[in-house]
Each structure stands twice: as structure tokens, then as C-alpha cells.
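Asker: Pasting in a structure now, in C-alpha cells, and then I'll have a few things to ask.
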């Protein structure tokens with residue numbers, strides 16, 4: 001299997017349909033394949049062993065993805081927001097790569113001695129080399145190498161092979177199922193697994209894909225209306241801004257489906273979105289880089305049923321990650337590896353052809369049965385719905401009790417005075433760890449600490465009540481919405497930290 005197969009099928013099945021970019025001047029599958037062949041020629045001429053991509057999303061990224069596949073080398077999309085030291089260390093692993101870098105991001109790859117092209121130069125060079133054909137190197141070599149965000153440790157290179165990505169596409173998407181008028185908007189950077197997987201899935205479905213380089217609520221809504229976007233994918237912080245920013249025209253007449261993922265979605269936000277856009281189908285997609293994207297989905301029917309139901313168990317599904325996608329098995333185990341029953345919280349393990357669980361230089365991390373440890377904590381309910389309770393590393397151990405920050409955060413985020421919140425454990429001599437919360441109040445709100453602590457105590461119990469609540473003006477997050485908890489703990493434990501931005 002090679003991901004080039006997906007492009008070949010699209011070119012043969014609906015070759016004249018625009019699938020990348022704006023309707024008026026985008027790329028068809030036939031043209032995309034021509035450019036991929038031209039790009040592969042450039043890779044081979046440079047004797048490159050990878051394509052490093054250091055730029056924002058767009059047509060150049062899609063061409064790079066298929067050119068790498070055609071040339072038989074991995075695509076390495078790199079976080080251009082990394083600091084100089086981290087970026088130099090990462091690029092040192094790819095000394096023979098061809099780099100595609102924006103003009104304001106090309107210093108590091110040039111310093112590393114790489115051959116560098118701007119996105120425009122890359123597309124021009126690919127277009128100049130389209131004569132003839134280049135046979136793709138069909139092997140199960142790595143297709144993509146994505147470095148994890150490193151919110152808790154140094155980034156690791158996740159290896160996704162061709163069969164992982166193709167298995168994901170074939171298992172979750174119907175070929176040519178999209179109407180010719182359908183268009184999908186992606187608002188995540190190219191170094192996120194969703195950017196890689198959505199190029200493949202939307203192409204396979206026959207759906208045009210557009211990208212938004214810099215997200216703003218106003219810009220996103222304007223592009224949705226201008227390009228008549230029917231499908232979109234956002235991270236929770238983006239949906240929160242779409243719902244919470246005052247004075248917006250939130251009309252999205254063309255929108256049919258909106259998927260979200262990448263981080264936990266506050267229930268308050270999704271409830272607001274369901275009321276704001278009642279005719280839009282919402283989909284919660286849970287997955288990891290190591291699993292080639294989505295492994296479970298909460299679909300539109302479950303969203304609507306949860307909001308309409310008076311049954312607490314059904315309503316709780318609105319905070320779940322849904323059911324496993326075809327070909328995926330999910331288990332919940334305790335720390336000894338024993339399987340846990342329905343409703344019991346433990347460590348989430350997944351298995352399937354799309355699951356890689358492989359790291360560059362470290363080999364495979366799957367167990368003897370082919371299961372990969374996601375390092376997420378959660379549970380399966382009696383009907384098989386997956387409930388994620390956060391990263392295992394985030395668990396607060398207060399005395400002998402394991403406490404999931406997520407359930408405390410959910411209570412805080414439901415308070416009308418709270419815009420954003422995070423809960424972490426900090427060292428404590430008596431309890432091992434104590435619970436601290438950082439809250440971002442809504443504009444003009446008091447967000448009284450006593451009232452917030454009382455809300456937690458009344459909903460959960462005393463032992464899960466934050467020992468201290470600190471007020472900040474914003475929380476540190478990655479571009480995909482993940483909280484950088486190590487920075488939060490460091491700030492809270494710094495000498496003489498006190499409060500920041502306290503109202």
C-alpha cells in the first residue's frame with residue numbers, strides 16, 4: 001500500500017473536480033498528481049531522503065505529501081513555532097532532507113545545511129518537472145514522520161507508515177461519496193495529524209479542501225460564507241471563540257457538518273454551539289498522532305440525543321468521545337495490565353491496522369497483542385462509549401486518591417463567570433500533591449473563589465475541591481488547543497508567584 005493509490009483513484013474517478021484550494025483556482029486530482037510527480041523528480045534530483053515542511057498549510061503541503069509518497073521518502077511537517085534550540089535539534093535528524101520553508105522560517109533549515117525551497121518555489125519547480133512519469137516507489141517505508149507537541153516532554157518522532165494511513169482512510173471514508181459542491185475547511189497547522197489525514201480523507205471522498213492559516217472567529221466565518229463551506233474541523237478553543245466572541249454574525253447557511261477534536265471540549269461550549277447551529281451535524285473525533293488520527297467518534301445523532309435527554313447517562317455522552325471507528329478495538333486496563341469492566345477508570349489501549357505506535361529511533365511501542373497504550377485515562381460505559389478523563393501524567397495523587405483534573409475543570413467551566421480553567425497538582429508536604437486551579441474570568445466577571453470552590457464541593461466532594469484558585473488573563477496552550485500543563489505548574493510553584501491578572 002502507498003498513499004499515492006488514493007490520489008490515483010481520485011484522478012481516475014473525478015479527475016476534473018477541484019479538490020484543493022478555492023473553487024475558482026484550485027487543484028484537480030489530475031493536476032495534483034502531475035505536481036506530485038514533478039515534486040518527486042525534485043526530491044530524487046536533490047538526492048533527498050525526506051521532505052521537511054516548515055510553512056503554513058495550503059496547496060504546497062498537499063503537493064509535498066503526495067510527492068514524498070511518490071518519491072518513497074517520508075514527509076516531515078515541522079512545528080515552525082518551536083524555539084531555535086528545539087528546531088535545530090529536530091532538523092539535525094534530517095541532514096539530507098529537502099526543506100520547504102516560508103521566507104520567515106528558512107533560517108533554521110539553511111543553518112542545518114538543507115536544500116531549501118519556499119512554498120512558491122516548490123510549486124513552480126514541481127510544475128516545471130511534470131513531463132513524463134515517475135514510477136512511485138511502492139514500499140511500506142515511513143510515509144509521514146510527525147514530531148509530537150512536547151507539552152510534557154521533548155518531542156518524539158511518530159512514524160506513520162503507508163499501510164497505517166491507507167487503512168485509516170479505507171476504514172472510515174466511502175470513495176467519491178461527497179457531492180461536487182462540498183467543501184471542507186481545515187484550521188489546524190500542517191504538523192498536526194488532522195492536517196495530514198484530512199488531505200487524504202477529503203480527497204478520497206471527493207471533497208474540496210481549503211485551509212485557514214491564521215484563525216480568527218471573524219476570518220473563519222467570512223471564509224465559510226464566501227466559499228460555501230459544508231464541512232469543517234476545529235479544535236475546542238476555536239469553537240469556544242466562535243461561541244463566546246461578542247458581536248459576530250454567526251450565520252453559516254452552507255454548513256452541514258462540524259468536527260472537533262485535538263483537546264477536551266468543554267460541555268458548555270458544545271451545548272452552546274448545538275443551540276446556535278441546530279441544523280449542523282456535530283462530530284467529536286478522538287485520536288492520536290500514533291493512531292493515524294481518529295479512533296472513536298461521537299456522531300450527530302448522539303449529540304442531539306444527549307442534549308434532548310433527561311437521562312443523566314445519555315446526557316453524559318455529550319462529554320464522551322463516542323464509539324470506536326471500524327477496525328479499532330479499545331480496552332481499558334489497570335496499572336497491572338488487567339482488563340477493567342464497564343464504568344471503571346483506567347488506562348486506554350487501542351489496536352487496529354491504522355495504529356502505528358512506532359517512534360523514530362525507538363521502534364514499536366505496541367504490546368505483544370498489538371495494542372498501543374495511549375497514555376490517556378478513561379473508561380468505557382455499558383454501551384461501549386469512550387469517556388476520556390485526561391492524560392495519565394496529568395492525574396493528581398492527593399493522599400491515596402487519584403483525581404482526574406478533567407472532572408473539576410468541567411465544574412469550573414460551567415460557571416457563568418468562567419471563560420477558561422485548568423486544574424493541576426502541585427507538590428505538597430502533607431498530601432503529596434494539592435489541587436490548584438487557574439481560572440480565566442469572563443470580561444467584567446468577578447469569578448469569586450469562594451463560590452467556585454463551593455460549586456466544586458457541591459458537585460463532587462471536598463477532597464476534589466481546589467486548595468487555591470488563581471486568576472490569569474489567559475492559559476498557555478498549543479496552537480491545537482492543548483494545555484501546556486508543565487508551564488502552569490512551573491508558574492504556580494515559582495517563588496513568590498501569587499496571582500496573575502486577578503480581577
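Asker: Residue 143 passes all but one of (1) in contact with a helix residue (DSSP H, G or I) (Cβ under 7 Å, 6 or more places away or on another chain); (2) surrounded by 13 or more Cβ atoms within 10 Å (Cβ to Cβ); (3) modelled with pLDDT under 95; which number fails?
Answerer: Residue 143 satisfies all of (1) in contact with a helix residue (DSSP H, G or I) (Cβ under 7 Å, 6 or more places away or on another chain); (2) surrounded by 13 or more Cβ atoms within 10 Å (Cβ to Cβ); (3) modelled with pLDDT under 95 except (3).
Asker: Would you confirm, using the coordinates I've provided, whether residue 340 is surrounded by fewer than 16 Cβ atoms within 10 Å (Cβ to Cβ) and at pLDDT 95 or above? Spell out the reasoning first.
Answerer: On the way: surrounded by fewer than 16 Cβ atoms within 10 Å (Cβ to Cβ): yes; at pLDDT 95 or above: yes.
So residue 340 fits the description; yes.
Asker: Tally up the residues in the stretch 64-79 that are farther than 16 Å from residue 45 by Cβ and either free of Cβ contacts under 8 Å to residues at least 60 places away in the same chain or in contact with a strand residue (DSSP E or B) (Cβ under 8 Å, 6 or more places away or on another chain) (or both), please. Even if it seems obvious, please write down each step before you answer.
Answerer: Residues of the stretch 64-79 farther than 16 Å from residue 45 by Cβ: 65-66, 69, 74-79.
From what is left, the residues that are either free of Cβ contacts under 8 Å to residues at least 60 places away in the same chain or in contact with a strand residue (DSSP E or B) (Cβ under 8 Å, 6 or more places away or on another chain) (or both) are 65, 69, 74-79.
The qualifying residues number 8.
Asker: Within the stretch 460-470, identify whether any single residue is at pLDDT 90 or above, crowded, with 17+ Cβ neighbours inside 10 Å, over 21 Å from residue 397 (Cα atoms) and touching a helix residue (DSSP H, G or I) at 6+ places or on another chain (Cβ under 9 Å), and answer yes or no.
Answerer: For the stretch 460-470, residues at pLDDT 90 or above, crowded, with 17+ Cβ neighbours inside 10 Å, over 21 Å from residue 397 (Cα atoms) and touching a helix residue (DSSP H, G or I) at 6+ places or on another chain (Cβ under 9 Å): absent.
Asker: So, residue 448, is that one modelled with pLDDT of 85 or more and farther than 16 Å from residue 423 by Cα or not?
Answerer: Yes: the conditions hold for residue 448.
Asker: Across the stretch 27-47, what is the total count of residues that are surrounded by fewer than 20 Cβ atoms within 10 Å (Cβ to Cβ) and closer than 25 Å to residue 179 by Cβ?
Answerer: To start, the set of residues in the stretch 27-47 that are surrounded by fewer than 20 Cβ atoms within 10 Å (Cβ to Cβ) comprises 28, 30, 44-47.
Now narrow it down to the ones that are closer than 25 Å to residue 179 by Cβ: 28, 30.
Residues flagged as surrounded by fewer than 20 Cβ atoms within 10 Å (Cβ to Cβ) and closer than 25 Å to residue 179 by Cβ within the stretch 27-47 amount to 2.
Asker: Looking at 25, 16, can you tell me which residue is at pLDDT below 95, within 27 Å of residue 206 (Cα to Cα) and part of a loop (DSSP other than H, G, I, E, B)?
Answerer: 25
Asker: Can I ask one more? Could you tell me whether any residue of the stretch 54-67 is closer than 23 Å to residue 173 by Cα and over 23 Å from the mean Cα position of the chain (by Cα)?
Answerer: The answer is yes; a qualifying residue exists.
Asker: Given (1) within 30 Å of residue 360 (Cα to Cα); (2) at pLDDT 90 or above, where does residue 262 come up short, assuming only one miss?
Answerer: Failed condition: (2).
The values are calculated or read from the model by the stated rules, or taken from the named source; none is laboratory data. Computed from a prediction, not measured in an experiment: that's the story for all the values here. No Cβ is skipped: glycine too gets one built from the backbone with ideal geometry, and neighbour counts run over all protein chains shown.
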